[in-house]
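Derivation of every value follows stated rules applied to the coordinates shown; laboratory data play no part. For clarity, every value in this text was computed on a predicted model and none was experimentally measured. Cβ sites come from the backbone with ideal geometry, for glycine too, and all protein chains shown count toward neighbours.
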Amino acid sequence: MGILSLLLWTPAVGVLLLAFIPGKNTHIIRTIANLFTTVAFLLSCWLVSLYDQHNAALQFSEYFPLNPDLGSAYALGIDGISMPMLVLATLLTSIALLASFTISSSIKGYHICILLLEFGMLGVFLAQDWALFYIFWEVTLIPLFFLIGRWGGKRRHAASLN
């Protein structure tokens, strides 16, 4: 497993772990979610240190064919545009979780949605295949719908449907 797959699947592992923790253990839920977002942020910082800024080619590429007839594959890579987006996505996810200590309703659901959103965002920025990009794009829409609809502002229901 390459470093990109490790970065991508870190929030997904956090989601799976949170799924098995009872919802009343709020301290454990917050700790685990913060741990997994921090690990993802540290991995993205490590990628920045390894990234060769003078090489315009795709770096840290991973490629595994999924359906050769369609030409789709599990293809991940980083270029000069996706690198800062990865760091920003992981940093903002960590900040969002640290700023969410005022949330008191359905804490488990909130943290699962945030980690799923991070998983989808990282997948969008790392995907080098059309099908993989589309799947990750759709993955981001589901937790966004619930985050806006459940924990949004006054007009959250109208906003979640737009």
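Sticking with the crude label model, points 7 Å out along Cα→Cβ, report the distance from ARG150 to ILE81 in nm, one decimal please.
With each label placed 7 Å out from Cα toward Cβ, I get 3.3 nm.
³J(HN,Hα) across the range 104-112 via Karplus (A = 6.51, B = -1.76, C = 1.60, θ = phi - 60°), whole Hz, x for Gly/Pro?
10, 9, 6, 5, 4, x, 4, 5, 5
Helix 82-98: angle to the longest alpha-carbon principal axis of the chain, degrees 0 to 90, nearest 10?
It is inclined by approximately 20 degrees.
Report the extension gain between TYR51 and SER100 in nm, rounded to one decimal, defined as 0.36 nm multiplied by the number of residues separating them, less their alpha carbon distance.
Fully extending the segment from TYR51 to SER100 adds 14.5 nm.
Helix-only estimate, please: 222 nm mean residue ellipticity of the chain, summing -39500 (n - 2.57) across DSSP H runs of length 4 or more and dividing by its residues, to the nearest 500.
Taking each H run of at least 4 residues, the total per residue is -22000 deg cm²/dmol.
Could you rank the peptides 70-82, 45-57 by their average count of other C-beta atoms within 10 Å per residue, with the highest value first?
Put in order of decreasing packing, that is 70-82, 45-57.
In whole Å, what is the distance between the alpha-carbon centres of the range 1-62 and the range 73-150?
11
Return one number: the angle in degrees, 0 to 90 and rounded to the nearest 10, between the long axis of the Cα atoms of helix 26-50 and the longest principal axis of the Cα atoms of the chain.
The helix 26-50 is inclined about 20 degrees to the chain.
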